[in-house]
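Comments concern the structure below.
FYI, it's all coordinate maths here, none of it is from the lab. Note that the structure is predicted; figures quoted are calculated from it, not measured. Cβ placement follows ideal geometry from the backbone for every residue including glycine, while neighbour counts extend to all protein chains displayed.
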Amino acid sequence: MRSLSRFRLITFDVTNTLLQFRTTPGKQYGEIGALFGARCDNNELAKNYKANWYKMNRDYPNFGSDTKPQIEWQQWWRKLIAGTFADSGAAIPDDKLQNFSNHLIELYKTSICWQPCNGSVELLQQLRKDLKPDKCKLGVIANFDPRLPALLQNTKLDQYLDFALTSYEVKAEKPSAEIFRQAMEKAGLENLQPEECLHIGDGPTTDYLAAKEHGWHSALVHEKSYAYLVKKYGEDIDRDHVFPSLYDFHKKITDGAVVW
């Protein structure tokens, strides 16, 4: 971990970095839908969930906090859930929609739906052991709704973290500079500089390039090849800072194979 000792703040993305879905939202929605009498093909649900996710993010950015008039994040999810099932041929009746969506919203706070990504727990344990809390803070920066603290608690990752910052709370989504600025503030470290910060995430644009643009160091956790990433996102991605998983990141850091 010697190469990480230069950093005073290390932050992580959540989805597909620290935590991942146990099953696809399409399958999970299908199982819960069946309990409420809404039966449809899981593949259709998966396709329509993805389409509605992009539509909601376009029409109501940042879980509704960046729209006028603003909508509550729970309403944002109700609209997404309703659209997903309606497009899959199993519309949820209005009198059932609130209970149904509330059930799903609560379920996605738990380890029933989420599990740690490969190597995430072991890395956090090692960081917490090796880096002194008064010298280096560990946090989360995520485009996420207010359920994030409960999710981190329910998956027992909160014990390794000093803070978790959501885009909903900040009213700014990655790649915005504001969310990175507020993370530095939240760390509470005197005279903390961007070059003393490291952000680790799976988003080439929202995590890796965003952090670099704001003066931070960054690491990209991504399953695609380096050649693919450079072709799609440009040559600002450093081959030595791309890792297929946090397990691989941890191993290379331990072996001294990564230089910042």
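Would you please classify the overall shape of the range 130-193 from the alpha carbon gyration tensor, given that a ≥ b ≥ c denote the square roots of the eigenvalues, rounded means a/c under 1.5, and beyond that prolate means a/b larger than b/c while oblate covers the rest?
The shape class here is oblate.
Could you tell me which residue out of Pro146, Gly256, Met184 lies farthest along the dipole of the chain toward its positive end? Charges go on the beta carbon: Lys and Arg +1, Asp and Glu -1, centred on the Cα centre.
Gly256
Please name which of Thr206, Tyr226, Gln28 has its Cα lying farthest along the dipole of the chain towards the positive end, using unit charges on Cβ (Lys, Arg +1; Asp, Glu -1) and the Cα centre as origin.
Comparing the listed Cα positions along the dipole, Gln28 ranks first.
In the chain, what % of DSSP beta bridges are antiparallel (nearest 5)?
About 15 percent, rounded to the nearest 5.
So what's the angle, to the nearest 10 degrees on a 0 to 90 scale, between helix 177-187 and the longest Cα principal axis of the chain?
Around 70 degrees separate the two axes.
Please give me, ordered by residue number, the GluC sites (Glu not before Pro) of the range 53-137 that lie in loop per DSSP and have at most 16 other Cβ atoms within 10 Å. Could the numbers behind the result be given before it?
Values: sites: Glu72, Glu106, Glu122; in loops: Glu72.
Passing both the DSSP loop test and the Cβ count: Glu72.
Where does helix 73-87 land angle-wise versus the long Cα axis of the chain, in degrees 0 to 90, nearest 10?
60 degrees
Nothing charged except the Cβ atoms of Lys and Arg (+1) and of Asp and Glu (-1): what's the magnitude of the dipole of the chain about its Cα centre? Round to the nearest 20 debye.
With only Lys, Arg, Asp and Glu charged at Cβ, the dipole is about 280 debye.
With each run of n ≥ 4 DSSP H residues scored as -39500 (n - 2.57), what mean residue ellipticity at 222 nm is computed for the chain after dividing by its residue count and rounding to the nearest 500 deg cm²/dmol?
So the calculated ellipticity at 222 nm is -12500 deg cm²/dmol.
Which value results for Rg/Rh of the range 25-107 when Rg is the Cα radius of gyration and Rh the Kirkwood radius based on the inverse mean 1/r?
Here Rg/Rh amounts to 0.96.
Between helix 94-107 and the chain, what is the angle of the helix's C-alpha long axis to the longest principal axis, kept within 0 to 90° and rounded to the nearest 10?
20 degrees
Going by the alpha-carbon gyration tensor, a ≥ b ≥ c the square roots of its eigenvalues, is the range 196-248 rounded (a/c under 1.5) or, if a/c is not under 1.5, prolate (a/b greater than b/c) versus oblate?
Values: a/c = 1.93, a/b = 1.21, b/c = 1.59.
The shape class here is oblate.
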